[in-house]
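This report refers to the structure that appears directly beneath it.
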Amino acid sequence: MARVLQDKATARDEPTLEQAVLRLAAERPELGQARVAQELARLGYAVSASGVRYIWSKHGLETTYKRLKAIGKAAPLTEGQRAVLRRGEVSRKAARKAGLAALAGAAGDERRAQVLFAAAELFVRHGYSGTSIRDIAQRVGLLPGSVYHYFPSKEDLFVAVQREGFEQLMARIDQAVRRGASARERLELACAEHIDAVVGDDPIARVTVTGLFAIHEDALQRRMKKDRGAYDEVFRRLVQDLSLPAHVDRSVFRLSLLGALNWTRVWYRPGGKTPRQIARHLMDIFCPG
């Protein structure tokens, strides 16, 4: 990956769109996807912010941290870039430690938790179909057969990640909505938690929320139906409590809102509005006044 960035940054021929995106990733890794799209537009390239993110994701460069890691393998970083990288290392280690401790639970099965967490990271990056048991085993340092000791199949592992994520997310939303003084504020707080799961660094949360809208194999759809239904019921109750005009179809309202929440993963960039601020703006759109 570092060599790819280095090659794109030093290419002399007129670069393709993908090469241009990678060149900017090497030259200005701090730029968010919207800024990259604007810079490329000035150079005559037609690409949206989501298009930039797609190319980043394809090469494992979707965060500033990942872009700096790739660059650092090919060339020296500035002191400012090294500081950003150090902060990223600290936060990632802390998040991973906390996540593994929570996943291990009372049983203390840390190896199973490591498999679950590694699977989630790879599902986020490559999707369900693009991830194999062998990939997961290599990430954890196990033989592929050892993964089956904890999960009979990749399907079982994916469902376990989803189930863990649903439990965590529903607990977060339940705690958040208790702070709401009105039906509108309770829904806003739930939306903020959903957005935070979509754009945050927790791979289990991201797999879970993205999986709400992803189209998977029929067998997976059936096994996830109960958890999806329970999560949908949370938002159904929150929407039901709202004071809406009589002509508004609450099912369409709920499903449209969930779609808007999940779409934030495409256009969100760190350093912009917080999940709570985005949720407040969405409430202004869906529930004006």
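The values are calculated or read from the model by the stated rules, or taken from the named source; none is laboratory data. As the structure is a prediction and not an experimental result, all values here were calculated from the model. So basically every Cβ, Gly included, is an ideal-geometry build from the backbone, and we count neighbours across all protein chains shown. Protein only, heavy atoms only, side chains kept; ligands, DNA and RNA dropped before computing areas. Shrake-Rupley method; radii C 1.70, N 1.55, O 1.52, S 1.80 Å.
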Any pair with Cβ under 7 angstrom, 6 or more apart, that starts in the stretch 135-159 at a residue that is farther than 18 Å from Ala219 by Cβ and modelled with pLDDT under 90 and ends at one that is of a type in the set (D, E, K, R) and open to solvent by 40 Å² or more (accessible area, probe 1.4 Å): Pro144/Arg134; Tyr150/Arg112
The lone exception for Asp201 - which of (1) in a helix (DSSP H, G or I); (2) closer than 29 Å to Phe253 by Cα; (3) in contact with a helix residue (DSSP H, G or I) (Cβ under 9 Å, 6 or more places away or on another chain); (4) acidic (Asp, Glu) it fails: (1)
Answer residue from the stretch 203-241, given it is polar (S, T, N, Q) and without any contact (Cβ under 8 Å) to a residue 60 or more places away in the chain and is least open to solvent (accessible area, probe 1.4 Å) among those: Thr208
Number of the exception - Gly180 against (1) within 18 Å of Leu261 (Cβ to Cβ); (2) in a helix (DSSP H, G or I): (2)
Subset of the stretch 39-79 that is in a helix (DSSP H, G or I) and among the aliphatic types (A, V, I, L, M) - its residue that is farthest from Pro29 (Cα to Cα): Ala41
Identity of the residue in the stretch 141-164, open to solvent by less than 30 Å² (accessible area, probe 1.4 Å) and part of a helix (DSSP H, G or I), that ends up nearest to Arg111 (Cα to Cα): Val147
Filtered residues of the stretch 232-278 (kept if closer than 20 Å to Val198 by Cα and among the β-branched types (Val, Ile, Thr)): Val234, Thr264, Val266, Thr274, Ile278
Subset of the stretch 48-67 [open to solvent by less than 20 Å² (accessible area, probe 1.4 Å), within 14 Å of the chain's Cα centre (by Cα) and under 15 Å from Ala20 (Cβ atoms)]: Trp56, Leu61
Failed criterion for Arg111 (all others in (1) at pLDDT 60 or above; (2) buried (at least 19 other Cβ atoms within 10 Å of the Cβ) hold): (2)
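Restricting attention to the stretch 268-289, and to residues there that are open to solvent by less than 70 Å² (accessible area, probe 1.4 Å) and among the β-branched types (Val, Ile, Thr), which single residue is modelled with the lowest pLDDT?
So the residue we want is Thr274.
Of all residues in the stretch 242-267, how many are open to solvent by 40 Å² or more (accessible area, probe 1.4 Å) and either under 25 Å from the mean Cα position of the chain (by Cα) or without any contact (Cβ under 8 Å) to a residue 40 or more places away in the chain (or both)? Write out each step before concluding.
In the first step, residues of the stretch 242-267 are kept if they are open to solvent by 40 Å² or more (accessible area, probe 1.4 Å); the result is 243, 245-252, 255-256, 263, 265, 267.
From what is left, the residues that are either under 25 Å from the mean Cα position of the chain (by Cα) or without any contact (Cβ under 8 Å) to a residue 40 or more places away in the chain (or both) are 245-252, 255-256, 263, 265, 267.
Of the residues in that region, 13 qualify.
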Qualifying residue in the stretch 31-46 (condition: at pLDDT 80 or above, of a type in the set (Ser, Thr, Tyr) and open to solvent by 70 Å² or more (accessible area, probe 1.4 Å)): no
Residue match in the stretch 56-65 (condition: at pLDDT 80 or above and aliphatic (A, V, I, L, M)): yes
Test: residue in the stretch 165-177 that is open to solvent by less than 30 Å² (accessible area, probe 1.4 Å), over 21 Å from the mean Cα position of the chain (by Cα) and either at pLDDT 85 or above or of a type in the set (Phe, Trp, Tyr) (or both): yes
